[in-house]
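What follows is a set of notes on a single structure, which appears directly below.
The values are calculated or read from the model by the stated rules, or taken from the named source; none is laboratory data. Everything quoted here is computed from the prediction, not taken from an experiment. Each accessible area value is taken on the protein alone, full model and side chains, heavy atoms only, with ligands, DNA and RNA left out. Shrake-Rupley method; radii C 1.70, N 1.55, O 1.52, S 1.80 Å.
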Amino acid sequence: MPFFTAHSTFQLAGSGNASSIARASDSLAAIRDHVTELVRTWSWKKMEIYNRVIDGDTAAVRYQLTAVFNPSGELITTEIVDVVKVSERKVVEFHQFVDTAAIERIVARARAVK
């Protein structure tokens, strides 16, 4: 959390109406809870960066991620794009673009098994 400003936003992009995954957090406490939930739910296994672009105070990274959905053990490989804006060496905005539909399917399968 020391890398975020007091008024940062962290967002998994998408429509909140279409996906429970897509949501924004806009306080340090909410970002901490959001990131903690992601870390507990997903185990990153492999990451391959395809490209990165830095333009002034904004950086974008496109990568392929293989991760395990911890509740079910299901593996997913997907592409992700992170767009990060910084100010005074701290994150102001962090937007992650991920395949929310694929994640929703994994979550639904895990719920169906319970």
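Can you tell me what percent of all Cα-Cα pairs in the range 21-114 are more than 23 Å apart? Pairs farther apart than 23 Å: 32 percent.
Shown are Arg89, Arg23, Arg52, whose ranking by accessible area with a 1.4 Å probe and every protein chain present, most to least, is Arg89, Arg52, Arg23. Per residue, the convex hull spanned by the Cα atoms of the range 75-114 amounts to 93 cubic angstrom.
The angle separating the long axis of helix 28-41 from the principal Cα axis of greatest extent in the chain is about 40 degrees.
Of the whole protein surface, Thr58 contributes about 50 Å² of accessible area at a 1.4 Å probe radius. Ranked by solvent-accessible area (1.4 Å probe, protein heavy atoms only, all chains present), the residues Ile76, Ile31 order from largest to smallest as Ile76, Ile31. Based on protein heavy atoms only, the chain ends up with 64 Å² per residue of surface accessible to a 1.4 Å probe. The share of accessible area on the chain that comes from carbon and sulfur is 54 percent, using a 1.4 angstrom probe.
Rounded, prolate or oblate: pick one for the range 32-80, where a ≥ b ≥ c are the square roots of the eigenvalues of its C-alpha gyration tensor, a/c under 1.5 means rounded, and failing that, prolate if a/b is larger than b/c, else oblate. Verdict is oblate for the range 32-80.
Based on alpha carbons, the Rg and Dmax found for the range 1-66 are 13.6, 33 Å.
May I ask for the angle, rounded to the nearest 10°, between helix 100-113 and the longest principal axis of the chain, with both axes built from Cα atoms and the value confined to 0 to 90°? For helix 100-113, the angle is close to 40 degrees.
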